[in-house]
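What follows is a short report on a single structure.
The values are calculated or read from the model by the stated rules, or taken from the named source; none is laboratory data. What you see is a predicted model, and the numbers here were worked out from it, not measured in a lab. Glycine also receives a Cβ, built like all others from the backbone with ideal geometry; neighbour counts cover every protein chain displayed. Just the protein is used for accessible areas: all its heavy atoms, side chains included, with ligands, DNA and RNA removed. Shrake-Rupley method; radii C 1.70, N 1.55, O 1.52, S 1.80 Å.
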Amino acid sequence: MNELTFFKVGETYTNDQIRFALDLENLGGIRPSLDSNRNIRHVAILTAAEDSGRLPTENPYHDRIEGSILIYTAQGREGDQALTGRNKRLVEQYSVPTPFFGFTNIGRQRYRFLGLLELLRHYQENQTDKKGNLRKVWVFEFRIHDKPEVVPLKGVAEISASLLAESRRTNPLGSSERE
């Protein structure tokens, strides 16, 4: 398998290409990559915001893309969700400009690269779980940055930090708007 050195917005990648290029676990919608000190290097967010043909019992999440905003339901298919573990890792982007790579499932372990993601806000709402029971979930709203169109893996931390700083300077959100 050829080693990927970049992701291109709109291009399709396999689960394995994403996993090996970003040094991630194989499963889950929130996949952090940690350094030797357990600090986050980057995170891959994988969603089925577009129709992947999955049944609600397989995918109870109500993810969607509205314009340039990804509305993403946190991890946990059954029962109330908590802002812990991988879910809590997402809110760290408010204070640390961690690169978030966004991908949407287009079926059969294939994903389209959306671009780098910027966490705008998070909040709780009610949704049904995989058994159809009403529960509280955490919802995250991400701005999809489709520029740069080609995101090199080397130097992505600096690219993300610059992108987030510029976006937050031109589109400021107060903490009350975030929560």
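Here are the numbers for this structure:
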item: Check on residue 115, surrounded by 19 or more Cβ atoms within 10 Å (Cβ to Cβ), within 14 Å of residue 69 (Cβ to Cβ), in contact with a Gly (Cβ under 7 Å, 6 or more places away or on another chain) and free of Cβ contacts under 8 Å to residues at least 60 places away in the same chain; result: no
item: Flag if residue 125 is among the charged types (D, E, K, R), open to solvent by 40 Å² or more (accessible area, probe 1.4 Å) and free of Cβ contacts under 8 Å to residues at least 40 places away in the same chain; result: yes
item: Meets criteria (among the small types (Gly, Ala, Ser) and farther than 20 Å from residue 24 by Cα) for residue 67; result: yes
item: Residue in segment 146-161 that is β-branched (Val, Ile, Thr), open to solvent by less than 50 Å² (accessible area, probe 1.4 Å), in a strand (DSSP E or B) and modelled with pLDDT under 95 present; result: no
item: Sole residue being in contact with a Ser or Thr (Cβ under 9 Å, 6 or more places away or on another chain) and open to solvent by 20 Å² or more (accessible area, probe 1.4 Å), chosen from 110, 168; result: 110
item: Single residue of segment 119-134 satisfying the filter (touching a Pro at 6+ places or on another chain (Cβ under 9 Å) and assigned to a strand (DSSP E or B)) that is nearest to residue 83 (Cα to Cα); result: 127
item: Residue check for residue 135: closer than 19 Å to residue 65 by Cβ and either of a type outside the set (Gly, Ala, Ser) or touching a helix residue (DSSP H, G or I) at 6+ places or on another chain (Cβ under 9 Å) (or both); result: no
item: Which numbered condition residue 75 fails, given (1) in contact with a helix residue (DSSP H, G or I) (Cβ under 6 Å, 6 or more places away or on another chain); (2) open to solvent by less than 30 Å² (accessible area, probe 1.4 Å); result: (2)
item: Of all residues in segment 3-50 being in contact (Cβ under 8 Å) with a residue 24 or more places away in the chain, assigned to a loop (DSSP other than H, G, I, E, B) and among the hydrophobic types (A, V, I, L, M, F, W, C), the one that is surrounded by the most Cβ atoms within 10 Å (Cβ to Cβ); result: 49
